[in-house]
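These notes concern the structure reproduced below.
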Amino acid sequence: MIELLNEYKNFVYRGIIESIFLIIVTLYILKNTVVIEKVRSNKNSKKILIVFILIFFMQIFDRFQYFYPQQYDFYPFVRFAMYQAAPDGVELTSYKICMKDVSGNCREINIAKEYSSIGLPSLSSRFNYLVNEYPNSQVEIKVWLDSLKRLKINSENKVILQKAIFKKNKIEYINLVEVSFEE
Amino acid sequence: MKNNFHKKFPGKINYFILYKILLLIWAQYVILDKFTVLSNLHISIFHNRGVFRLISIDNFFDTHISVVFLLFLKISILAILVLNFLQNNRTSLLIFIILIYIYELIKKGFGGHLDHRILTLYIFTLIIYISLENDFTNLDDAFKFSYLFFFLQYFFIGIARIFSGFPEVFLGSTFTDWIIQRSLRPSYFNLEIGLKALEYLPTNFLNFIFFISTIFEVGAIFCILIRNKYSILICILLIFFHFGIYLFMSVNFIENIFLLLLFIYIVEKDGLNEKIYSIH
């Protein structure tokens, strides 16, 4: 954690200034509008204020933990990467899952559609992590690919996860892990 | 109960109907969700988070989460939604909130974090529950507190982007890279409108749109503080902003759009700002 804070000093300083700014603005709004009076008139005002303070500080704290996967988070009050513009910029990498037949033809499996329940941003974060952590992540990648075997049609005999890299308006694909249906 | 409510709050809006609409927003989310497909994933890739840190999901299932369990959870949520629809009861609303907590936690276990689209709706519903009295007579206040949190989120996100990235994030290739990345990665409809837009629209123009969108996110806080017509304008722009995110990046914020439309309706009918959060 300390190493990360040192590496991203600029990001941390900005976060601290931002947090102070947010506290000042929020106090200003509470002091100069009727919001606080309205809250006080509610029988559950203490609970509302506690939830407000909790969410407020969770959201501020979340700026300092952009790195995936998070060991601890504030589910269900804050989602990962709520505050875009990552300290390392945007990665131009992607992934593709191919179902291949004996002739080597590729039929793309849309993992985002297949597991739409997980949610696009969440699934995208997980696969981006798996692709970047390869080869350490290959056991987990195989489990994901195994779950897609049921989508096989005709002479298709393997499923492959490919890493896609965007370079000079072209996309390069690199095979990472493949699972054969005979396994 | 309905008559008492109108005696106490003789406004133009029946907030009970808005409450039912909120339940319908949840219903469409749960009904359209292919939740049971998660039974195809091996439990070894499940991350135990939240309550599952205390009681690991491995204790209940050997290899895969049972499709029967997933279906049961989904049907239970829909049943409790129907119950909430038919009768106004805080306890059943609390049960719904707890069930959704587990429902989303299962998805999070396979994904890694909460989906963007559901966070706002969840907090919105939670605030309604917390601020409601048992007889639902302060439903209008509950809605207005929820909207306070709703718009604060936009404000936080916009401010965070400005502080963490200004000015470079709005000048360089961050936004266009973001569009490329989102277009390359698999999405439900694999829309490539973002990539097409990059062919025709100059980077500076897209950066300008990005900056203006961020300003509107920051400005969302004014929706609860300024005159009605301006707050409606900000809401309409935020709706366009969400459509833009979907078209260019395939990220779905349909629930936020529903909540913004409800807010426009409340402001139009009830003059929410002048009554509730006016400046001294």
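Things to note:
- Checking residue A:150 against (1) in a helix (DSSP H, G or I); (2) touching a residue at least 24 places away in the same chain (Cβ under 8 Å), the condition it does not meet: (2)
- Candidate set from region B:109-119 (those that are within 7 Å of another protein chain (Cβ to nearest Cβ) and either more than 16 Å from the chain's Cα centre (by Cα) or of a type outside the set (D, E, K, R) (or both)); member that is nearest to residue B:70 (Cα to Cα): B:110
- Residue A:87 vs. criteria under 25 Å from residue B:182 (Cα atoms), at pLDDT below 95, more than 7 Å from every other protein chain (Cβ to nearest Cβ) and surrounded by fewer than 20 Cβ atoms within 10 Å (Cβ to Cβ): yes
- Scope region B:19-60; condition more than 11 Å from chain A (Cβ to nearest Cβ), modelled with pLDDT under 95 and surrounded by 14 or more Cβ atoms within 10 Å (Cβ to Cβ); matching residues: B:48, B:57
- The set of residues from region B:184-197 being closer than 24 Å to residue B:216 by Cα and surrounded by 20 or more Cβ atoms within 10 Å (Cβ to Cβ) comprises just one member, B:194.
- Of residues in region A:91-102 being assigned to a strand (DSSP E or B) and of a type in the set (Val, Ile, Thr), the one surrounded by the most Cβ atoms within 10 Å (Cβ to Cβ): A:97
- Matching entry among B:204, B:190 (being farther than 17 Å from residue A:39 by Cα, within 8 Å of chain A (Cβ to nearest Cβ) and among the polar types (S, T, N, Q)): B:190
- Total residues in region A:139-183, condition away from chain B (no Cβ under 13 Å) and of a type in the set (S, T, N, Q): 5
- In the set (1) modelled with pLDDT under 85; (2) within 23 Å of the chain's Cα centre (by Cα), the condition left unmet by residue A:97 is number (1).
- Exactly one residue out of A:16, A:48 is of a type in the set (Val, Ile, Thr), more than 7 Å from every other protein chain (Cβ to nearest Cβ) and either out of contact with any Pro (no Cβ under 9 Å at 6 or more places or on another chain) or surrounded by 18 or more Cβ atoms within 10 Å (Cβ to Cβ) (or both): that is A:16.
- The set of residues in region B:126-146 that are outside any helix (DSSP H, G or I) and either more than 7 Å from every other protein chain (Cβ to nearest Cβ) or crowded, with 21+ Cβ neighbours inside 10 Å (or both) comprises B:132, B:134, B:135, B:136, B:137, B:138.
- Residue list for region B:207-251, restricted to those being under 21 Å from residue B:185 (Cα atoms) and of a type in the set (Ser, Thr, Tyr): B:246, B:250
- Unmet criterion (only one of (1) without any contact (Cβ under 8 Å) to a residue 12 or more places away in the chain; (2) under 13 Å from residue B:145 (Cβ atoms)) for residue A:55: (1)
- Flag for residue B:101 being facing another protein chain (nearest Cβ under 7 Å) and either more than 22 Å from residue B:37 (Cβ to Cβ) or in contact (Cβ under 8 Å) with a residue 24 or more places away in the chain (or both): yes
- Hits in region B:74-87 (condition: surrounded by fewer than 19 Cβ atoms within 10 Å (Cβ to Cβ) and aliphatic (A, V, I, L, M)): B:75, B:78, B:79, B:82, B:83, B:86
- In this structure, residue B:71 qualifies as among the aliphatic types (A, V, I, L, M), surrounded by fewer than 14 Cβ atoms within 10 Å (Cβ to Cβ), in a helix (DSSP H, G or I) and in contact with a helix residue (DSSP H, G or I) (Cβ under 8 Å, 6 or more places away or on another chain).
- Region A:123-147 - residue that is among the polar types (S, T, N, Q) and without any contact (Cβ under 8 Å) to a residue 12 or more places away in the chain and, of those, farthest from residue B:28 (Cα to Cα): A:136
- Flag not set for residue B:90, criterion: surrounded by 18 or more Cβ atoms within 10 Å (Cβ to Cβ) and either within 27 Å of residue A:49 (Cβ to Cβ) or touching a residue at least 12 places away in the same chain (Cβ under 8 Å) (or both).
- Across region B:165-183, the number of residues qualifying as charged (D, E, K, R) and either at the interface with chain A (Cβ under 7 Å from one of its Cβ atoms) or surrounded by fewer than 18 Cβ atoms within 10 Å (Cβ to Cβ) (or both) comes to 2.
- Selection within region B:147-164 - within 10 Å of chain A (Cβ to nearest Cβ) and within 15 Å of residue B:126 (Cβ to Cβ): B:148, B:149, B:152, B:153
- Flag: residue B:123 does not match the condition of being assigned to a helix (DSSP H, G or I) and more than 7 Å from chain A (Cβ to nearest Cβ).
The values are calculated or read from the model by the stated rules, or taken from the named source; none is laboratory data. Nothing here was measured: the structure is a model prediction, and the numbers come from that model. As a convention, Cβ positions derive from the backbone with ideal geometry for all residues, glycine included, and neighbour counts pool all protein chains shown.
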